[in-house]
Every structure is written in C-alpha cells, then in structure tokens.
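The values are calculated or read from the model by the stated rules, or taken from the named source; none is laboratory data. Since the structure is predicted, the reported quantities are computational estimates derived from the model, not experimental observations. So basically every Cβ, Gly included, is an ideal-geometry build from the backbone, and we count neighbours across all protein chains shown. Side chains are part of the model used for accessible areas, which takes the heavy atoms of the whole protein and leaves out ligands, DNA and RNA. Shrake-Rupley method; radii C 1.70, N 1.55, O 1.52, S 1.80 Å.
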Amino acid sequence: RVLYIDDNPGNTLLMAAMFERLPGLVLLCECDPQRGVDLALAVEADGAHLGWQSLPIEAARRAAGDRLWIGFSAHNLTEAERAASEGANYLTYSPIFQTPSKEGLVPTVGLEGLRAAAAVTRLPLVALGGVTPENAASCIEAGAAGVAMIRSVLQSSDPKATVQRFVEAIPTAA
C-alpha cells in the first residue's frame with residue numbers, strides 16, 4: 001500500500017507521524033518547486049513526486065541520491081519517455097478519464113493512451129484522473145501498476161467504504 005501526500009508541510013508531517021510505524025506502507029511526498037525534495041528527506045519518505053513545475057528529475061536525484069524513489073507526473077508519451085530517460089522510478093499518467101482538475105489543461109488520454117504509455121516505458125505507471133471503483137480494474141488491465149484516487153474518495157459520503165470498493169475492484173497478484 002502507498003500513502004501519497006501533497007506538499008503541504010503540515011499534512012506531510014502529520015501523516016508521516018501517523019503512518020511511520022505501519023509495516024509495508026510506502027510514503028510518497030509531492031515536491032514543492034521551492035523546497036524540492038527536502039521535506040521528503042526530512043520525514044524519511046520512501047519517495048518524492050515531481051510535477052511540471054517541480055525541480056528537474058536530475059536535480060531531485062542529485063539531492064536524494066538513491067534514498068528516494070523519484071516519481072513524475074506525465075500527461076503524454078513524450079513526457080513519459082523523457083521522465084524515464086532522466087531517471088524517474090515511476091510515473092503517474094493522467095488524466096485517464098475526464099476530471100474537472102485537468103479540464104482545459106491537458107487532454108484526456110483514455111485507456112488507449114494508458115496502454116500506449118505502458119508499451120513505451122519500462123516504468124511502473126499509476127493511473128490518475130477520473131479513476132473510480134467502477135473503472136479502476138480497467139486501468140490495471142490497460143497496463144497500470146496501480147491507480148490513484150482523489151476526488152472519488154474526498155467527495156464520498158463514506159470515504160472508508162469507497163477505499164474498500166477500490167481495494168475489492170483491483171486485481172491482486174497471485
């Protein structure tokens with residue numbers, strides 16, 4: 001299981017303290033463009049996630065060495081290939097489905113776009129954008145190593161039940 005926390009220092013410090021003793025939990029921190037990977041290193045996270053406004057992958061790798069997984073948010077094949085060549089360890093690939101947060105910013109890639117990205121990169125892909133319990137398995141079938149859910153959980157009247165529906169919907173390795 002992976003816990004991904006945005007780069008709000010209060011969120012990161014609180015969540016890292018709450019979850020640091022859970023065995024098998026991977027902690028990933030989103031990187032603020034000004035702070036770089038400092039917060040991820042400070043809370044002894046397992047990884048740092050970079051976006052288009054973050055520091056370059058090479059700079060994050062220099063700062064973190066091999067102590068952190070470095071992830072990157074890719075929205076097309078060019079970004080995915082570039083991030084792989086620059087040393088990212090994994091990618092979020094989005095938006096798979098329509099989502100208000102990306103509307104007008106980047107085109108929806110769909111399951112076909114996800115399949116294409118999985119075919120051109122050796123990196124694990126995390127499907128993001130409009131992912132629900134009803135379509136999560138199709139993302140895995142299209143080549144994603146995992147899914148990220150934000151809006152479907154945060155806007156749920158019962159977030160715990162929604163997360164449980166995700167867990168039940170995603171096939172697990174035998």
Filter the stretch 34-49 for residues that are among the aliphatic types (A, V, I, L, M) and crowded, with 23+ Cβ neighbours inside 10 Å and give the result.
V37, A40, A45, A48
Those residues of the stretch 97-148 which are open to solvent by less than 70 Å² (accessible area, probe 1.4 Å), within 25 Å of E86 (Cα to Cα), within 13 Å of the chain's Cα centre (by Cα) and of a type in the set (A, V, I, L, M, F, W, C), in sequence order:
L123, L125, V126, A127, L128, A144, V147, A148
Any residue at all in the stretch 57-80 that is within 16 Å of the chain's Cα centre (by Cα), among the charged types (D, E, K, R), modelled with pLDDT under 90 and open to solvent by 10 Å² or more (accessible area, probe 1.4 Å)?
no
In the stretch 134-174, which residues are within 15 Å of Y93 (Cβ to Cβ) and in a loop (DSSP other than H, G, I, E, B)?
N135, A142, G143, A144, A145, A148, M149, I150
Give the stretch 89-112 a look and list any residue that's at pLDDT below 95 and of a type in the set (G, A, S), or say none.
S94, S101, G104
Residue pairs, Cβ under 9 Å, 6 or more apart or interchain, first in the stretch 148-164 and touching a residue at least 60 places away in the same chain (Cβ under 8 Å), second hydrophobic (A, V, I, L, M, F, W, C). List them.
A148/V2; A148/V126; A148/A127; A148/L128; A148/V131
R115 vs. criteria at pLDDT 90 or above and closer than 23 Å to V37 by Cα
no
Before we move on, is E86 modelled with pLDDT of 90 or more, open to solvent by 40 Å² or more (accessible area, probe 1.4 Å) and closer than 28 Å to R115 by Cβ?
yes
Selection from the stretch 149-159 of residues that are of a type in the set (S, T, Y) and open to solvent by less than 40 Å² (accessible area, probe 1.4 Å)
S152, S156
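Quick check: anything in the stretch 76-92 aromatic (F, W, Y) and over 30 Å from R61 (Cα atoms)?
No - not one qualifying residue is present in the stretch 76-92.
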Touching a helix residue (DSSP H, G or I) at 6+ places or on another chain (Cβ under 8 Å) and within 30 Å of A64 (Cα to Cα) - does that describe any residue in the stretch 128-139?
no
